[in-house]
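So the structure is just underneath, and the comments pick up after that.
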Amino acid sequence: MVVMTPEATPAQIEAIVERLEAAGVHAKVMPGELTTAIGAIGDPEGVREMGLEGLPGVDQVIPISRPYKLASSELSHHAPTVVEVGGRRVGGGETFCLIAGPCTVESPEQTRAVARAVADAGASMLRGGAFKPRTSPFSFQGLGYEALDILADVRAETGLPIVSEITAAELADRFAETVDVIQVGARNMQNYGLLEVVGKLGKPVLLKRGLSSTLEELLQAADYILKEGNGDVILCERGIRTFDTAMRFTLDLGAVPWLKLHTHLPVIVDPSHASGDRRLVGPLSRAAAAVGADGIIVEVAEDPEVALCDGPQQLYAHDFPQFARDVEAHASLVGMALA
Ligand code: PEP
Ligand code: MN
């Protein structure tokens, strides 16, 4: 919507209409008592980039339609998206998905032990980092392909589908072969080339919200995957940067009901990376269930003190059964059962 100033002349209004139409945008002039508005019907980003606000007679340009398209519940005529992974359902409001496992795959024994513990306690899927996006290049970067092999072996033993993060486009074929849910981490949410590659792999994608990304940006990132023909996208709120440094990040729980209003995609929460503190993971997980999330992804270790990455936020494996029961109880309050 282009709002003209009260002093705008008919010639200035006509000039804007001509400019819009020359750019392939349909223009509808709506004269008001004080000012005239021009409805610009077309690509909102394109209209914004035309720089109309600097032209004579223009007061302001106000976007009316939403910037995300395929992820929007406004345009989708279908029911909420349900992503099926090895018989588990993510989304749809009936099942709560509990993804658990170590931050990083460190050895077959460590991964197997955690996987058994979480499988026995009712987890739906196993998480485990193979390629780690570390802030410092001198930190442990993950076991790479070896870790993917370990995850595949542990899946065969436990039956748990595996979730692991892809960090570069050249890993795509191997991830498509091995991993059940391909995670795009917070740091890569705006790596649009990677999103397009992942969108072509035909595997469910877990897309985490960027450290400082708005929810509209998250949904536009999801559009990059959806437009490649892959509808199986799970969104993840994992905490954002705010002025408060008490916790590692600030978990934006309001994001869950907001996303539920604005997108048909399933939404899960990562309380581990958000808080950075295992003592907060239980309450935040229960809150995630209460606020309507479709699941959570949590880090668990047998011996977090010696973990090579993210020790302080990983739940003790021996605490996981009680943790899972508490989360399940909260999910059941909103009519959901563990997937
Ligand atoms: C992770 O889940 O292992 C991870 C690195 O998370 P994030 O991208 O949210 O920081
Ligand atoms: Mn981690």
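The values are calculated or read from the model by the stated rules, or taken from the named source; none is laboratory data. Just so we're clear, the structure is a prediction, and the values are computed from it rather than from any experiment. Positions of Cβ are backbone-derived with ideal geometry, glycine not excepted, and every protein chain shown enters the neighbour counts. Surface accessibility is based on the protein's heavy atoms, side chains included, excluding ligands, DNA and RNA. Shrake-Rupley method; radii C 1.70, N 1.55, O 1.52, S 1.80 Å.
A few points about this structure:
- Residue match in the range 98-113 (condition: within 14 Å of ligand 1 (Cβ to nearest atom), closer than 20 Å to Ala331 by Cβ and either in contact with a helix residue (DSSP H, G or I) (Cβ under 8 Å, 6 or more places away or on another chain) or of a type in the set (S, T, N, Q) (or both)): yes
- Identification of helices (runs of 4 or more DSSP H) wholly contained in the range 237-339 with 1 or more residues that are within 16 Å of ligand 1 (Cβ to nearest atom) yields 255-262, 271-275, 278-290.
- Residue count for the range 210-239, restricted to those that are within 20 Å of Arg88 (Cβ to Cβ), more than 16 Å from ligand 2 (Cβ to nearest atom) and not aliphatic (A, V, I, L, M): 3.
- Number of the condition not met by Gly144 [criteria: (1) surrounded by 19 or more Cβ atoms within 10 Å (Cβ to Cβ); (2) farther than 24 Å from Val82 by Cα]: (1)
- Of all residues in the range 198-219 being more than 13 Å from Cys236 (Cα to Cα) and away from ligand 1 (no atom under 16 Å from the Cβ), the one that is least open to solvent (accessible area, probe 1.4 Å): Gly199
- Of all the residues in the range 23-35, those that are within 40 Å of the chain's Cα centre (by Cα) and either at pLDDT 95 or above or in a strand (DSSP E or B) (or both) number 5.
- Options Thr104, Thr135: the member that is hydroxyl-bearing (Ser, Thr, Tyr) and crowded, with 24+ Cβ neighbours inside 10 Å: Thr104
- Among residues of the range 234-255 that are without any contact (Cβ under 8 Å) to a residue 12 or more places away in the chain, those with a beta-carbon under 8 Å from a residue that is within 15 Å of ligand 2 (Cβ to nearest atom) and among the aromatic types (Phe, Trp, Tyr) at least six positions away or on a different chain give the pairs Thr242/Phe249.
- Selection of first residues in the range 297-317 that are under 22 Å from Val184 (Cα atoms) and of second residues that are part of a loop (DSSP other than H, G, I, E, B) and open to solvent by 80 Å² or more (accessible area, probe 1.4 Å), restricted to Cβ pairs under 8 Å at least 6 apart or on distinct chains, gives the following pairs, ordered by first then second residue: Gln313/Arg248.
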